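Here is the structure we will look at.
A short reminder: the numbers here are calculations on the coordinates, not readings from a lab. Remember, predicted model here, so these are calculated numbers, not experimental data. In this analysis, Cβ positions are derived from the backbone assuming ideal geometry, glycine residues included, and neighbour counts consider all displayed protein chains.
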Amino acid sequence: MSEPVLRRSGRNIAKKEAAPPPPAPGPAPKKRASTEPKKPSAKKARTVVDKAPTVVKNAVSKDKDSKKEDASKKKPEGEASASAAAAEVKAAPIPAAESSSAAPTVTTTIVTTTAGTKSAAKAKSGKAKAKRADAAEEAAAALGDGDLLPNTLPEVQTHDGGKTTLTAILAQASKGIVIFAYPKASTPECTTQACLFRDNYTAFTDAGYSVYGLSGDQPVANEKFRNKQNLTYTLLCDPTYELHEKLGIKKSPKGTVRSVIIIEKTSGDAAAATHPGKILRKTKASAHVSLQVAKEVVGLDGTKKDAEGGGKKDAAGDVTLPDAGAAGEGVA
């Protein structure tokens, strides 16, 4: 006998054949954060290095073109291009990368020279030329032998702190004044010069000539010098050297040329009002020679000479005496 066929219902078959649903996926596991920085690849670093010079070159070229356009708009045609701002751009060499961990740094330095710098340099040069021209004019205008003394000469101080002018001291003199100029108070040669005129002071005053010393020292220094050496005459102080310049006895840039100046008082009120005196002699000389010249011009010991005598004149008009240099002219 045949076996009976078992029939299953469609519902049972569907339940049996249906696969069970897959389990729901759980949360994805978190990746562990790495403490090391992400390293760019060697290929990417090389690309940056290769492109850097091109980028810098293009930027510099654009900057130059824009500056040229601005300059052409502001400046009229034909004006010198040197007055425009010039820019020089230098790119520092790019070092080879030591490793793939870092890309090299590109450094750009811009050095700019402006038109203002050039104009400042020109102005400075112009001032220097003007100063030299003024010095040459003052030297040319310095008083010399035979010149009349103007009444507008600068004021000077005295050793006791007072103030006076050559016009004022000439008005007080009988016939004139003798001024010996010395570089610095209380130095050997200046002390010798001052003492020589001190010892002959009476002889000069008897002849009608007052004696004065002149230097660029301050009144305090000359007061001390006068007291220590028992000087019997007034010391004139000209620390600004303005009177030195007018008399032509100023050293450059400052200082006193050892010299002697003999000035004769102008006779007549009308003449004295504009020209209080006349220079009989102005000469640079040592301590002993300055006394000798003063005696000759004034007429002491029967040796009076006029303004044109007493030695040969150099190109500047000063009398050159044979032993002036050897005896210490210009030495303090």
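Note on Ala271 and Ala171: their simple-model spin labels are 1.9 nm apart, each label 7 Å out from Cα toward Cβ. Here the spin labels are modelled as points 7 Å beyond Cα on the Cα-Cβ line, and at Glu242 and Lys122 they lie 3.5 nm apart.
With the highest mean first, a sort of the peptides 239-249, 218-228 on other beta-carbon atoms found within 10 angstrom per residue produces 239-249, 218-228.
In terms of packing, defined here as the mean over residues of other Cβ atoms within 10 angstrom, the peptides 251-257, 286-292 line up highest first as 286-292, 251-257.
With a simple spin-label model that places each label point 7 Å from the Cα along the Cα-to-Cβ direction, the separation between Ser186 and Thr152 comes to 3.8 nm. Classify region 165-212 as rounded, prolate or oblate, taking a ≥ b ≥ c as the square roots of the eigenvalues of its Cα gyration tensor: rounded when a/c is under 1.5, otherwise prolate if a/b is larger than b/c and oblate if not. Taking the square roots of the gyration eigenvalues as a ≥ b ≥ c, region 165-212 is oblate. In the structure shown, the pairs Lys175/Lys282; Lys127/Lys246; Lys175/Lys295; Lys175/Lys246; Lys163/Lys228; Lys163/Lys295 are assessed against 25 Å; a Cα-Cα span above that value is assigned to Lys163/Lys295.
Look at the Cα gyration tensor of region 142-195: its axes a ≥ b ≥ c give a/c of at least 1.5 with a/b over b/c, and that counts as prolate. How big is Rg to Rh over region 147-298, alpha-carbon atoms, Rh as the Kirkwood inverse-mean-distance radius? For region 147-298, the value is 0.93.
Compute the length gained on full extension between Asn227 and Asp160: take 0.36 nm times their separation in residues and subtract their Cα-Cα distance, giving the result in nm to one decimal.
23.0 nm
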